[in-house]
Amino acid sequence: MTREEKAKKKEYTELIKKLGKKFGMKHKQCVLFYTFKDYFIDIIYRFGVKSNTFMYRAGIKYMDYDDIQWDVLDMSDNKKQPLSLRAVGAFSAGGIQFIENTVVSLGNEPEVVVDNILAEIKQKTEAYNEDIDSKILDMIGEKDEDKMEAVTKLFIVYIHMEKYSEARELIEKCLENGYEGSYGNKGKMFVELALEYLDKNNL
């Protein structure tokens, strides 16, 4: 990257920080994030300095998703940490994309373009009324149940929906089938910790 390109990238980064602040969004690394009602929204972005473009996508999840995951992983103190941990933390829970990968030209007015995009995302957030739990269940099929991310998402959704018998059945099936996902904490896999979570809470 040339000196001019680095300068342009820095200029764009400062621009999106400023505009994000205008809309009540916080910034960490290449992510803008904010909360609305019981939702947590993150906007992952990248500027194409050479192509003069802005690339972004927006995700949404219930705040409870992170709380449930951290309880399972015995990381409940994370709930007290800055909101950025829910956006970029290694142990943050996944949600869904409600705006897919999008690339737009910045033209001669990058501030106007980005401002309009952030305004549109805020509007869509405030109008959002879909059931994220159901959307995740629709996206994950039985063929995915042996994949780490799918198992984790399914379990969190079941707990959020208070479908405790389904959560237990999922975890017991994974253990019975020799699930070997490495995701976990303190030397234990997520499925082992999930079973302990269910037992501890009599679920």
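The values are calculated or read from the model by the stated rules, or taken from the named source; none is laboratory data. The model shown is predicted, which means the values in this text are computed figures rather than measured ones. Positions of Cβ are backbone-derived with ideal geometry, glycine not excepted, and every protein chain shown enters the neighbour counts. Protein only, heavy atoms only, side chains kept; ligands, DNA and RNA dropped before computing areas. Shrake-Rupley method; radii C 1.70, N 1.55, O 1.52, S 1.80 Å.
Odds and ends about this structure:
- Some residue of segment 22-43 being of a type in the set (Gly, Ala, Ser), over 26 Å from Asn185 (Cβ atoms) and surrounded by 15 or more Cβ atoms within 10 Å (Cβ to Cβ): no
- In segment 118-135, the residues that are over 28 Å from Ile16 (Cα atoms) form Cβ pairs under 7 Å with partners that are open to solvent by 20 Å² or more (accessible area, probe 1.4 Å), at six or more places apart or across chains, as follows: Asp133/His160; Asp133/Met161.
- Going through (1) under 29 Å from Glu126 (Cβ atoms); (2) in contact with a helix residue (DSSP H, G or I) (Cβ under 8 Å, 6 or more places away or on another chain); (3) without any contact (Cβ under 8 Å) to a residue 60 or more places away in the chain one by one, Lys80 falls short only on (2).
- Note on segment 35-58: among residues that are part of a strand (DSSP E or B), free of Cβ contacts under 8 Å to residues at least 40 places away in the same chain and under 20 Å from Ala93 (Cα atoms), the one that is farthest from the chain's Cα centre (by Cα) is Tyr45.
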